[in-house]
1. From the list L25, L30, which residue is under 20 Å from A109 (Cα atoms) and over 22 Å from the mean Cα position of the chain (by Cα)?
2. So G218 passes all but one of these: (1) outside any loop (DSSP other than H, G, I, E, B); (2) in contact with a strand residue (DSSP E or B) (Cβ under 9 Å, 6 or more places away or on another chain). Which condition number does it fail?
3. Among the residues that make up the stretch 177-186, is at least one of them part of a loop (DSSP other than H, G, I, E, B), small (G, A, S) and closer than 21 Å to L105 by Cβ?
4. So which residues in the stretch 56-78 are buried (at least 23 other Cβ atoms within 10 Å of the Cβ), under 16 Å from T100 (Cβ atoms) and not β-branched (V, I, T)?
5. Can you name the residue in the stretch 141-165 that is surrounded by fewer than 18 Cβ atoms within 10 Å (Cβ to Cβ) and in a loop (DSSP other than H, G, I, E, B) and is also modelled with the lowest pLDDT among such residues?
6. Could you pull out the residue among N81, N53, N90, N14 that is farther than 28 Å from V144 by Cα and surrounded by 17 or more Cβ atoms within 10 Å (Cβ to Cβ)?
7. Cβ contacts < 7 Å: first residue surrounded by 10 or more Cβ atoms within 10 Å (Cβ to Cβ), restricted to the stretch 215-242; second residue hydroxyl-bearing (S, T, Y) and at pLDDT 80 or above, any location; separation 6+ or different chain. Result?
8. If you scan the stretch 4-41, which residues turn out to be outside any strand (DSSP E or B), touching a strand residue (DSSP E or B) at 6+ places or on another chain (Cβ under 7 Å) and hydrophobic (A, V, I, L, M, F, W, C)?
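The values are calculated or read from the model by the stated rules, or taken from the named source; none is laboratory data. None of the values given here were measured: they were computed from a predicted structure. Don't worry about glycine lacking a Cβ; one is built from the backbone with ideal geometry, like all the others, and counts go over all protein chains shown.
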Amino acid sequence: MAIYTDDKSAIQVNSGTAFLYENVLGVNALGAKSGNLEYAVEIKDGATTIARNYLSGSDVAAVHLDGGTSTVMEYNHFYSNGANDTCSDNILIEGGSGITIRYNLINEAAGIGIEGEAYAAGLMITENTITNNGVNNNACGGGVFDDSGIRLKAADATVYRNVIHGNHGEGIVVAEDVSGILISQNSIYNNGQRSPSLGIDLDASKENGDGVTLNDSGDGDNGPNNLLNFPIIEAAYATAPI
């Protein structure tokens, strides 16, 4: 089905169990933006699976999580959401638990690919391709550019085995004084299309990337992921094959 309208959301999940499979959401059957939606899918509560859909053309975010006990998003294409608002994202998380985002293509949001404002412990982001987000290339309020691939502002999440490249700002930003963000085995490259940016930015400024944070002796400082010191390779040696 192609589902679009002039309303807050095309689909809203308030309770129970919902399965959204193989739809075109936020655009017409030809894939063209039609109507003025804030969200293609808005989740307030319940358990939701969103799979094999094309989600595009929403003004604020393709999917807005503001609750829910279990949400799985897999094998979807999130494309060009928030086109009329520099600060709008492909996926916006402001609540909920049991959230898994996997096997998706997430690209060309006006703002951030995945914005995690608030969620229960255990958010999993794995095996996605997250690319070319932040296409509006203009500052939001206070001169902050919302143009990274992923930004997380709550604790205890895993970012694992994703391909994150070509975003206009940072690849991944951990902001606020949160901890327990595991970032492992991702391919992160060629980000900072707007201006030079880090692949992973532990942002003590609590915005969207503050550049390199210098190491401190003993690594005793506080901040995002406790401002973990980056490794320094002092020597490398080649040995003959056995």
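1. The match here is L30.
2. (2)
3. Here is the first cut: in the stretch 177-186, the ones part of a loop (DSSP other than H, G, I, E, B) are 177-180, 185-186.
Next, from what is left, pick out any that are small (G, A, S): 179-180.
Now drop any that are not closer than 21 Å to L105 by Cβ, which leaves none.
The answer is no; no qualifying residue exists.
4. If the condition is that a residue be buried (at least 23 other Cβ atoms within 10 Å of the Cβ), under 16 Å from T100 (Cβ atoms) and not β-branched (V, I, T), then L65, G68, M73, N76, F78 are the ones that fit.
5. Step by step, filter the stretch 141-165, then rank; the result is V144.
6. N53
7. N225/S179; N226/S179
8. Selection gives A29, L37.
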